[in-house]
Protein chains: 2
Amino acid sequence: MSQTWVEGAAGSPYDIDHLPYGVFDRPGEPARVGVRIGDLVLDGAPVATLGGDPGDGPDLASAWRRPSLDAFLALGRPAWETARDWLVEILTGPEHRAAVEPHLLPVSSVTMRMPFTVADYVDFYASLEHASNVGRIFRPDQEPLLPNWRHLPVGYHGRAGTVLPSGTPVVRPHGQRKGPADAEPVFGPSQRLDIEAELGFVVGAGTELGERVSTADLADHVFGVVGLNDWSARDVQAWEYVPLGPFLGKSFATSISTWVTPLAALAAAWTELPGQDPAPLPYLAVDGPAGLDIAVEVELNGHVVSRPPYSTMYWAPAQMLAHLTVNGASLRTGDLFGSGTVSGPEPGQRGSLLELSWGWREPFAVGDAERTALEDGDEVVLRYTAPGSGGGRIALGEVVGRVEPARAW
Amino acid sequence: MSQTWVEGAAGSPYDIDHLPYGVFDRPGEPARVGVRIGDLVLDGAPVATLGGDPGDGPDLASAWRRPSLDAFLALGRPAWETARDWLVEILTGPEHRAAVEPHLLPVSSVTMRMPFTVADYVDFYASLEHASNVGRIFRPDQEPLLPNWRHLPVGYHGRAGTVLPSGTPVVRPHGQRKGPADAEPVFGPSQRLDIEAELGFVVGAGTELGERVSTADLADHVFGVVGLNDWSARDVQAWEYVPLGPFLGKSFATSISTWVTPLAALAAAWTELPGQDPAPLPYLAVDGPAGLDIAVEVELNGHVVSRPPYSTMYWAPAQMLAHLTVNGASLRTGDLFGSGTVSGPEPGQRGSLLELSWGWREPFAVGDAERTALEDGDEVVLRYTAPGSGGGRIALGEVVGRVEPARAW
């Protein structure tokens, strides 16, 4: 890997092998596309045409001048590769330094915005440990996994309009719930507010209706990865979810990181799946390492309460995308699919409070305090790191959210 | 009601009391907003500024020049009302005839397009008869309704990107299924392709995150109504849907009418709900007639096979919208929510083939043929009529779809 001339970037989690994209603004300036390097944000549009006319190449300058990544995502994989090559060139070649440096802004001086317009949002349920834990907690007398689970990546559509950028406060939602002791359903603020630590996959290049995406073609369609917190009101969810699935227990908020890590930056993170038994149907078969070695950290009020390893996920992102499109459903730029809660086999690797407190029955330590569900004022930070291709580790965008009290009714 | 000067319109299902909106084009011309009157389509933009500058009013001309209703919907209820008043004025006042007539195009000369961009698509399950029938068919030994059903309008998110305009062919989807006789899941074209005859409600004016829409405020947010066919691959759905709800069994296609009937045209269609027991929680309470007296017809290969009455629906659209937003979920222009299958109490009033064939066990007559599930080449037409405020009946947009064979794998 060539060394970047950007001071402080080499060896950092935002070294030249990472280059995540986001959308930023500064007071009085329009929102536009930026690329993170070290503790700086490169303002993309002005540097896209350094060295002259882009000629026959993709028009990166006009895509990066927009207040979202949408136009850049829609350019497709060849343009994403051209852009990445160009960024590496200008951030490593000393001859570009004078021209580029004025467009590097301290990350502390900018405000990060929602990175792209979410088209359809799908959430999967790809962790064997998470699905098994939920089964054990809710159906202790039965087989924890439902019969379909090992045959297909179970998923459902969520609300695209309430996918929010990291940092947006999450107001405790109202809803109906009916506990075992309630004769009738009760209405009020959720008393079982929870998180789900997930990874989100961002579709850049869409498909036509009827087209299927094979497991080999993930990188032709998925541009990159975001951190994702699928906030969940478990009491609302438990009462509403039969037979059509989660609805209001999830639709109040889903937070994503404001930085999108390109799939190209995860080249060193691919790893073998932990194993699938039975072998999946042919349309779900994968060749080679289809899992991702990404370490997740769940921090609650400044204390790490869990370290879920993404490498333990049963279903691969390529399988999720192949399944999503196998019925001919089309993809659009901005489609987002979540992995589902990441939970590893150890108690300290569980990606939801439901599991960390084993069904709210066993409070867990948060520094000197303890918790089952989230309380008002709690702040959750999800962090993600992966091996970079330069030998160090890259840090994907973090997902921050503070719980605000329910609004007066 | 004033009489329109448009020939053939008076007394027709597209009289001056209706005025549905759509998006049309003609060869070589851009797509734009049109309004139906009789057998003609009024080209909206050129007539919006008749009589001069719109001044302080909404800029209808520029909204109607667009290739979708999105901009018009986003203008909000006062603009929708101004627009309707203006259309009535120019289509009834003889002094406008000479200026307007050149902008009336035969409906047979235009191609209707997707009327708006679907933001989030939610589908409810609001028919007591449909939910009970499904329960009786799938769980014959149990109480047909699940415990939550009478307490909240059960619903879930569907795929916005595959909501298609009427007339789009529906390709039989592939998917996984596992029947009672199958030892392992099987992959192939669905063998249980079905319809769901529904009504769809189109949100025009959105809300902020955290805002709730009370049942009294439906018409401030819902612009209008479309016909909706929620195509369903029942075998795929049956295998996949636990525990997170329908996914690929539905996401391949949802068809809507290309004409959107404004809620304002349904003033004479409001009717009392059939009755709710127990009384819903206060946030779901409605005052006065909250149901809609809309007659639905399901036509299969030219034969009417069912006549579901929308007036029998248990949950009102105002209740669905209040429920959808009670957790603070925001609305966006273009949000679409479906009622769920409309089924009345009589066998000839069932809105799905699953129910008409009572779980595929009792083939029903289609002219001289019979059917359980749909066969390749079958054409389904959903038709909807309602009392108009002029004393006659208006015909909402129809939903047409022909089943094409599965694509080769």
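The values are calculated or read from the model by the stated rules, or taken from the named source; none is laboratory data. The structure displayed is predicted, hence computed values, not measured ones. In this analysis, Cβ positions are derived from the backbone assuming ideal geometry, glycine residues included, and neighbour counts consider all displayed protein chains.
Details
- Test: residue in the range B:95-104 that is touching a Lys or Arg at 6+ places or on another chain (Cβ under 9 Å) and under 19 Å from residue B:259 (Cα atoms): no
- In a residue-by-residue description of the range A:115-130, the property of being surrounded by 24 or more Cβ atoms within 10 Å (Cβ to Cβ), over 26 Å from residue A:348 (Cβ atoms), under 17 Å from the mean Cα position of the chain (by Cα) and free of Cβ contacts under 8 Å to residues at least 40 places away in the same chain applies to no position.
- Residues satisfying the stated conditions in the range B:157-174, i.e. facing chain A (nearest Cβ under 7 Å) and farther than 22 Å from residue B:245 by Cα: B:171
- Summed over the range B:374-392, residues that are crowded, with 19+ Cβ neighbours inside 10 Å and either closer than 18 Å to residue B:255 by Cα or basic (Lys, Arg) (or both) total 7.
- With respect to the conditions (1) surrounded by fewer than 21 Cβ atoms within 10 Å (Cβ to Cβ); (2) in contact (Cβ under 8 Å) with a residue 60 or more places away in the chain; (3) within 26 Å of residue B:212 (Cα to Cα), residue B:284 lacks only one, and its number is (1).
- Residue that is farthest from the other protein chains (Cβ to nearest Cβ), among those in the range A:264-289 that are more than 18 Å from residue A:395 (Cα to Cα) and not in a loop (DSSP other than H, G, I, E, B): A:284
- Residues in the range B:1-10 that are crowded, with 22+ Cβ neighbours inside 10 Å and charged (D, E, K, R): there are none.
- Residue that is in a helix (DSSP H, G or I) and among the hydrophobic types (A, V, I, L, M, F, W, C), where the choices are A:331, A:324: A:324
- Test for residue A:233: is it at the interface with another protein chain (Cβ under 10 Å from one of its Cβ atoms), small (Gly, Ala, Ser), more than 27 Å from residue A:84 (Cβ to Cβ) and in contact with a Gly (Cβ under 7 Å, 6 or more places away or on another chain): yes
- Residue check, residue B:350 among the basic types (Lys, Arg), in contact (Cβ under 8 Å) with a residue 60 or more places away in the chain and crowded, with 23+ Cβ neighbours inside 10 Å: yes
- Test result for residue A:144, in the same structural domain as residue A:322 (by TED's automatic domain parsing) and either buried (at least 18 other Cβ atoms within 10 Å of the Cβ) or within 21 Å of the chain's Cα centre (by Cα) (or both): no
So that you can scan it fast, the table gives a plain yes or no per residue for (1) more than 14 Å from chain B (Cβ to nearest Cβ); (2) under 30 Å from residue A:263 (Cβ atoms); (3) more than 17 Å from the chain's Cα centre (by Cα); (4) of a type outside the set (Val, Ile, Thr):
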| site | (1), (2), (3), (4) |
| --- | --- |
| A:176 | no, no, yes, yes |
| A:184 | no, no, yes, yes |
| A:210 | no, yes, yes, yes |
| A:217 | yes, yes, yes, yes |
| A:222 | yes, yes, no, no |
| A:239 | no, no, yes, yes |
| A:244 | no, no, yes, yes |
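- Leading residue by the ranking (nearest to residue B:156 (Cα to Cα)) among those in the range A:246-259 that are of a type outside the set (S, T, N, Q) and at the interface with chain B (Cβ under 7 Å from one of its Cβ atoms): A:247
- Subset of the range A:118-132 that is at the interface with another protein chain (Cβ under 10 Å from one of its Cβ atoms) and part of a loop (DSSP other than H, G, I, E, B) - its residue that is nearest to residue A:318 (Cα to Cα): A:125
- Qualifying residue in the range B:7-22 (condition: outside the structural domain of residue B:254 (by TED's automatic domain parsing), touching a residue at least 12 places away in the same chain (Cβ under 8 Å), of a type in the set (Ser, Thr, Tyr) and in contact with a Gly (Cβ under 6 Å, 6 or more places away or on another chain)): yes
- Meets criteria (in the same structural domain as residue A:230 (by TED's automatic domain parsing) and over 24 Å from the mean Cα position of the chain (by Cα)) for residue A:90: no
- Qualifying position, being on the phi > 0 side of the Ramachandran plot, of a type outside the set (D, E, K, R), buried (at least 19 other Cβ atoms within 10 Å of the Cβ) and modelled with pLDDT of 95 or more, among B:328, B:302: B:328
- Residue within the range A:274-283 that is under 18 Å from the mean Cα position of the chain (by Cα) and not aliphatic (A, V, I, L, M) present: no
- Condition met for residue B:4 (among the hydroxyl-bearing types (Ser, Thr, Tyr), more than 18 Å from residue B:333 (Cβ to Cβ), assigned by TED's automatic domain parsing to the domain that holds residue B:106 and more than 21 Å from the chain's Cα centre (by Cα)): no
Let's see how each residue does on (1) touching a Pro at 6+ places or on another chain (Cβ under 6 Å); (2) within 14 Å of chain B (Cβ to nearest Cβ); (3) not charged (D, E, K, R):
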position: A:291; (1), (2), (3): no, no, yes
position: A:296; (1), (2), (3): yes, no, yes
position: A:308; (1), (2), (3): no, no, yes
position: A:327; (1), (2), (3): yes, yes, yes
position: A:333; (1), (2), (3): no, yes, yes
position: A:341; (1), (2), (3): no, yes, yes
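- From A:383, A:350, residue being in contact with a Leu (Cβ under 6 Å, 6 or more places away or on another chain), at pLDDT 95 or above, among the charged types (D, E, K, R) and assigned by TED's automatic domain parsing to the domain that holds residue A:175: A:350
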